[in-house]
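The values are calculated or read from the model by the stated rules, or taken from the named source; none is laboratory data. This one's a predicted model, so the numbers in the text were calculated from it and none came from an experiment. We place every Cβ from the backbone using ideal geometry, glycine too, and count neighbours over all the protein chains shown. We work out accessible area using only protein heavy atoms, side chains counted, and drop any ligands, DNA or RNA first. Shrake-Rupley method; radii C 1.70, N 1.55, O 1.52, S 1.80 Å.
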Amino acid sequence: SDAEEYQPPIWKSYLYQLQQEAPRPKRIICPREVENRPKYYGREFHGIISREQADEILAGVEGAYILRESQRQPGCYTLALRFGNQTLNYRLFYDGKHFVGEKRFESIHDLVTDGLITLYIETKASEYISKMTTNPIYEHIGYATLLRDKVSRRLSRTKNESRKASVTSEENTPVEKITSLVRRAALTQNDNHFNYEKAHNFKVHTFRGPHWCEYCANFMWGLIAQGVRCSDCGLNVHKQCSKYVPNDCQPDLKRIKRVYCCDLTTLVKAHNTQRPMVVDSCIREIEARGLKSEGLYRVSGFTEHIEDVKMAFDRDGEKADISASIYPDINIIAGALKLYFRDLPIPVITYDTYSKFIEAAKISNPDERLEAIHEVLMLLPAAHYETLRYLMIHLKKVTLHEKENFMNAENLGIVFGPTLMRPPEDSTLATLNDMRYQKLIVQILIENEDVLF
């Protein structure tokens, strides 16, 4: 079977073994009842005592800990922890959870357990950790080739079955799981795959049970927040390893919960399309029955109906029915398309290129201005560029029916300028100052789409 053919990588267990060897926390209970003890601390709280007293209480017991109130700063609390034959003191905070650094814990016991693991591993393996990212399994040519060969054989058998196998095979017990590495290898083999570069969307994650980094193959140590997970493709790596992972995220459709408000590149890679299917579907519908509609894109459709279209795309994806039998008013479809662009977390004309487009629009010489706009277009991410190109071709078609729809390039520029580009800082003044340049940019893109794209 496919699951039996797949050989998971040999995970490096050195750091896991160190975690198992780390000292266990030993709570030293205060023998007397302490007045004014904070309700979120237990009997390990010893009240106001000095560092020297804390050192005496903890002496000779590795992993022992107490909590104390500072003599110098009443109301401030300290975790005193015995490690490496010395007492370490950490300023302790509570905001519903306990913390001394970035990580937040439900209990002091968990905080100390995680701290001892981290201290022990960093003491024993500091040099090893510093070299973890060299020669990572992620970039191992033999390993990557092996995956591609196996996935190619699957794809040649039947595409439908291979898609299921490449995403997950958790029911097959011979293998713990087919990782996101396999899915990426599978997608590179897909005939229709569009190779747009996309950075991973890493977020700090708490893993239940032992987990290994899919970049360096080393154990991810600690109790909580042991590493980061890409919320788009599911790649699990150390926080330090995430800096070295290439921009090769292949989003998993199961992780993309909606269509609107989703990053443009993420959406097209998840659906394996050149452009967002919302754009394709809406433009197809508009060109089929709405090019001669008076005030197209300027006249608003009913907001409730536009929201219905949005919900249909979020729920049904490319199967959403936006035909005339459901939405006879073409302005609803045009409104849904504009709403999609407005809802993008990063506009079609990205924040990174916004100021360059505005500066290009200010150039008085038409030829130089066109050249400058073309240069900035080349800086757009591939999916953004392709979406903008396709939209401008469509809007050019709209202007060819100006006699019927009364929409020329300037009118469309007024409508689409603030829809396709927004200033990076949320400033009303900047938006107002730039509006005429936003309009001009879109107008120039429509009028010169055959030259610029």
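Here are some notes:
- Residue within region 262-269 that is more than 25 Å from Tyr14 (Cβ to Cβ), part of a strand (DSSP E or B) and not assigned by the TED database to the domain that holds Met392 present: no
- Residue count for region 386-420 satisfying the condition of being open to solvent by less than 50 Å² (accessible area, probe 1.4 Å) and either among the hydroxyl-bearing types (Ser, Thr, Tyr) or in contact with a strand residue (DSSP E or B) (Cβ under 9 Å, 6 or more places away or on another chain) (or both): 5.
- Matching residues in region 281-312 - criterion: being among the acidic types (Asp, Glu) and in contact (Cβ under 8 Å) with a residue 60 or more places away in the chain: Glu287, Glu294
- Neighbours by Cβ (under 8 Å, 6+ apart or cross-chain): first from region 220-234, closer than 16 Å to Glu197 by Cα; second of a type in the set (Val, Ile, Thr): Asp232/Ile256; Asp232/Thr266
- A single entry from Val245, Val237 fulfils the requirement of being assigned by the TED database to the domain that holds Pro210 and touching a Gly at 6+ places or on another chain (Cβ under 8 Å): Val237.
- Selection count, region 348-366, where residues are under 26 Å from the mean Cα position of the chain (by Cα) and more than 13 Å from Ile444 (Cβ to Cβ): 8
- When Tyr14, Tyr41 are screened for being surrounded by fewer than 16 Cβ atoms within 10 Å (Cβ to Cβ), in contact with a strand residue (DSSP E or B) (Cβ under 8 Å, 6 or more places away or on another chain) and within 28 Å of Val204 (Cβ to Cβ), only Tyr14 passes.
- Residue that is nearest to Leu15 (Cα to Cα), among those in region 216-235 that are open to solvent by less than 10 Å² (accessible area, probe 1.4 Å) and in contact with a Cys (Cβ under 7 Å, 6 or more places away or on another chain): Met220
- Which numbered condition Thr353 fails, given (1) surrounded by fewer than 15 Cβ atoms within 10 Å (Cβ to Cβ); (2) within 27 Å of Glu425 (Cβ to Cβ); (3) among the β-branched types (Val, Ile, Thr): (1)
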